Amino acid sequence: MMTYTVKGFAAIAADQPLVPFNVPRRALRADDVQIDILYTGVCHSDLHMARNDWGNSVFPIVPGHEIVGRVKAVGSAVSKFKAGDLVGVGCLVDSCRECSPCQHHLEQFCEQGATMTYGGQDRHNHSPTYGGYAKEIVVSDAFVLSVPENLDTKAVPPILCAGITTWSPLRRWNVGKGSKVAVVGLGGLGHMAIKLAKALGAEVSLFTRSPEKSQDALRLGASQIIVSTDKAQMKSVYNQFDLIIDTVPYQHDVNPYMPTLAIDGTLVFVGLIGQHPELSTVPLVMGRRSIAGSLIGGIQETQELLDFCGEHNIVSDIEMINMADINNAYERMLKSDVKYRFVIDIAKSL
């Protein structure tokens, strides 16, 4: 297999900072798109993988699955992209394309396992996949997305992860005009959930333990802020919400939220992956309420989201950093010291 290398940053080991790294990229296959990366968003998953928090990282690892750039070249069989196009690459770069989920545009649930943008393995030559903390990337055209030119390009990358992670349940549970949606947690995921639910026509509320976040939540589109530790405020919203999107990434007690769901309402986990504390089934049974989970979205759904954002001029709230600042950004992420997503200026700093 012919390859070339580009500048990038990688984690060499879980207990070491990210360092400069020559990232191998494959020569173009017939269906490939070669992309000059402009901006890459920084996701909590990047930090977890770089530090092997989930126990499945293979080093060296080049994180980054919120990628926006311009097409540099295309393979001989590519017709839907051309040099100069503004494009994106999200969490997936391939799948089996044959199983039932793939045939129904749910590549994230590929029965053979979707190929992740980094930390995965190429389906053809079994080489490691390396992500967007790099100058270029090469991806099959079936997993490249068109980015609307009218959007603020530097603030688009988080749409490809934080955005689609919250958009997918909003669409799955048919949120629209008249829906009542609540969001648990105001961070990278939560701020996108508020913006998107509002743009879909929903009445949006925020559950938070921090009253000082009220002004930001109102600015983003929430019409109501409920302090989740205040029993009186929680009781005042019993039987109210059609959908609760829970974006909190660590174990927490969801029992107080369940009575706030309307009959047939659903609480969807998009942040927590792992064990959950004991849950009372009483509010579930007595209100025909449900708990569910959701994982990003397929390529078709992600393109739908980008088009929707283009129509409604929705982007993420970001803080721009240089590639050399990534280790400090990770430390700040652990303290929730960012509003609401870091984006790396790849073009200017690599």
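What follows draws every value from the coordinates through simple rules; no lab data is involved. Model, not experiment: these values are computed from the prediction. Don't worry about glycine lacking a Cβ; one is built from the backbone with ideal geometry, like all the others, and counts go over all protein chains shown.
If the chain between residue 278 and residue 347 were fully stretched, how many nm would it gain, using 0.36 nm times the residue separation less the Cα-Cα distance?
Values: separation 69, 0.36 × 69 = 24.84 nm, distance 4.71 nm.
That pair, residue 278 and residue 347, stretches by 20.1 nm at full extension.
Filter the chymotrypsin sites (Phe, Trp or Tyr not before Pro) in segment 32-85 down to the DSSP loop ones having no more than 15 other Cβ atoms within 10 Å, then list what survives.
Values: sites: 39, 54, 81; in loops: 54, 81.
Here the sparse-neighbourhood loop sites are 54.
Please give the direction-averaged projected area of the C-alpha convex hull for segment 18-72, in square nanometres with one decimal. The partial results should precede the final answer.
Values: hull surface 19.1 nm².
Averaged projected hull area, Cα only: 4.8 nm².
Rounded to the nearest 500 deg cm²/dmol, what is the calculated helix-only ellipticity per residue at 222 nm for the chain, with -39500 (n - 2.57) per DSSP H run of length n ≥ 4? All intermediate terms of the calculation are to be shown ahead of the outcome.
Values: 10 runs with 80 residues, N = 350.
Result for the chain: -6000 deg cm²/dmol, rounded to the nearest 500.
Using alpha carbons only, how many degrees (0 to 90, rounded to 10) separate the axis of helix 162-172 from the longest principal axis of the chain?
Roughly 60 degrees between the two axes.
Give, rounded to the nearest 20 debye, the magnitude of the charge dipole that segment 264-317 has about its Cα centre when Lys and Arg contribute +1 at Cβ and Asp and Glu contribute -1 at Cβ.
Details: 2 positive and 7 negative charges, 75 e Å.
Value, rounded to 20: 360 debye.
Relative contact order of the chain, please, whole-number percent, based on alpha carbon pairs below 8 angstrom and at least 6 residues apart. Please report the intermediate quantities before stating the final value.
Numbers: 807 pairs, mean separation 61.5, N = 350.
Relative contact order comes out at 18 percent.
Using a Förster distance of 25 Å, how high is the FRET efficiency between residue 76 and residue 127, based on the Cβ-Cβ distance and rounded to 0.05?
0.70
Does anyone have the angle between helix 188-199 and the longest principal axis of the chain? Alpha-carbon axes, 0 to 90°, nearest 10?
Its long axis makes an angle of about 70 degrees.
Which shape class, rounded, prolate or oblate, goes with segment 162-293 when its Cα gyration tensor gives a ≥ b ≥ c as root eigenvalues, a/c under 1.5 marks rounded, and past that a/b bigger than b/c marks prolate?
Values: a/c = 1.27, a/b = 1.20, b/c = 1.05.
In terms of gyration-tensor shape, rounded.
Determine the alpha carbon to alpha carbon distance for each of 213/339; 213/335; 195/235; 72/135; 154/339; 7/335 and list only those over 18 Å.
Details: 213/339 11 Å; 213/335 15 Å; 195/235 25 Å; 72/135 12 Å; 154/339 15 Å; 7/335 29 Å.
In this structure, 195/235; 7/335 lie more than 18 Å apart at Cα.
Given Cβ point charges of +1 (Lys, Arg) and -1 (Asp, Glu) and nothing else, what value in debye, to the nearest 20, does the dipole of the chain about its Cα centre take? It would help to have the intermediate numbers written out before the result.
Working: 31 positive and 36 negative charges, 60 e Å.
About 280 debye.
Using alpha carbons only, how many degrees (0 to 90, rounded to 10) separate the axis of helix 299-312 from the longest principal axis of the chain?
For 299-312 against the chain, the angle is about 70 degrees.
Treat each spin label as a single point 7 Å out from the Cα along the C-beta direction, and report the residue 27 to residue 112 distance in nm.
With each label placed 7 Å out from Cα toward Cβ, I get 2.5 nm.
Using a simple charge model, +1 on the beta-carbon of Lys and Arg, -1 on the beta-carbon of Asp and Glu, nothing else, what dipole does segment 162-293 show about its Cα centre, in debye to the nearest 20? Can you show the working numbers first?
Details: 13 positive and 9 negative charges, 68 e Å.
Computed charge dipole of segment 162-293: roughly 320 debye.
Which ³J(HN,Hα) values in Hz, rounded to whole numbers, follow from the phi angles of segment 77-87 under the Karplus curve 6.51 cos²θ - 1.76 cosθ + 1.60, where θ = phi - 60° and Gly and Pro get x?
Ordered by residue, 3J(HN,Hα) equals 9, 8, 10, 8, 10, 9, 3, x, 5, 8, 9 Hz.
What length, rounded to one decimal in nm, is gained on full extension from residue 4 through to residue 300, with 0.36 nm per residue of separation minus their alpha-carbon distance? Numbers along the way, then the final one.
Working: separation 296, 0.36 × 296 = 106.56 nm, distance 3.05 nm.
Using 0.36 nm per residue and subtracting the Cα-Cα distance, I get 103.5 nm.
Are there chymotrypsin sites (Phe, Trp or Tyr not before Pro) in segment 228-283 that DSSP puts in a loop and that have at most 12 other Cβ atoms within 10 Å, and which ones? Numbers along the way, then the final one.
Working: sites: 238, 241, 250, 257, 269; in loops: 238, 250, 257.
Listed in order of number, the matching sites are 250.
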